[in-house]
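The values are calculated or read from the model by the stated rules, or taken from the named source; none is laboratory data. Treat the numbers as computed from the prediction; the structure is a model and nothing was measured. Cβ sites come from the backbone with ideal geometry, for glycine too, and all protein chains shown count toward neighbours.
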Amino acid sequence: MIFAQSAKYKLVNLLIATSLLWMTAVCLSQVRETNKQDPTTGELKLEGKSIQRLILRREDNNEREEFRRPEQIIKLPTGKYYLHEVHLEGGYICYASKGPKRHLASVTSDEPATLKIGAPLKQTIKVNRQGRNLVMNYELLGVGGEKYSSSDRSKPPTFTVYKGDKEIASDKFEYG
């Protein structure tokens, strides 16, 4: 009698274990199939140089895509991306998420999208008159018009003002 009950419990346990293993195998095969279904990808061509680190954000779900020393063409899942942050050689950084201009790139599987960021950098000065004073604002711009700042605050940009060939003033810009 004890032997019969023991055999019955063993049979029930065996059936339960077999059904659990079967359900686990079915679930794992579904997970593998899901992982095989790679989302459609496209290419993003970077027009610019000296990029050490690039961070993009997807427009639809704000997921972050980060690249260290990206190639000129990078592969991404299709969708719209905007520039979040870019670091260049020499310590120049653009925090595009803080500025009003969003650099969008629409990545499709049809043809490569293009994003103009990075070097060569262009130094610009905007001058405005305020009464008898001239107010000068310095900007360091990338190939796409994005604004960069230097992480090295020890050497601020300098300027010199000439009247004809004669130097009449020179100074340093202040950060901020």
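In the set Arg153, Arg129, which member is of a type in the set (D, E, K, R), outside the structural domain of Pro77 (by TED's automatic domain parsing) and at pLDDT 90 or above? Steps first, please.
Working: Arg153 fails: at pLDDT 90 or above.
On inspection, the qualifying residue turns out to be Arg129.
Can you pull out every residue in the range 122-160 that is more than 17 Å from Leu88 (Cβ to Cβ) and among the basic types (Lys, Arg)?
Lys126, Arg129, Arg132
Across the range 147-169, which residue is surrounded by the fewest Cβ atoms within 10 Å (Cβ to Cβ) among those that are over 23 Å from Leu134 (Cα atoms) and of a type outside the set (Asp, Glu)? Reasoning before the result, please.
Within the range 147-169, the first condition is being over 23 Å from Leu134 (Cα atoms), and the residues that meet it are 148, 150-154.
Right, trim to of a type outside the set (Asp, Glu) and you get 148, 150-151, 153-154.
Values: Tyr148: 22, Ser150: 16, Ser151: 9, Arg153: 8, Ser154: 5.
For the range 147-169, the residue satisfying everything is Ser154.
Would you mind finding the one in Leu134, Leu140 that is outside any loop (DSSP other than H, G, I, E, B), in contact with a Phe, Trp or Tyr (Cβ under 7 Å, 6 or more places away or on another chain) and of a type in the set (A, V, I, L, M, F, W, C)?
Values: Leu134 fails: in contact with a Phe, Trp or Tyr (Cβ under 7 Å, 6 or more places away or on another chain).
Matching residue, one of Leu134, Leu140: Leu140.
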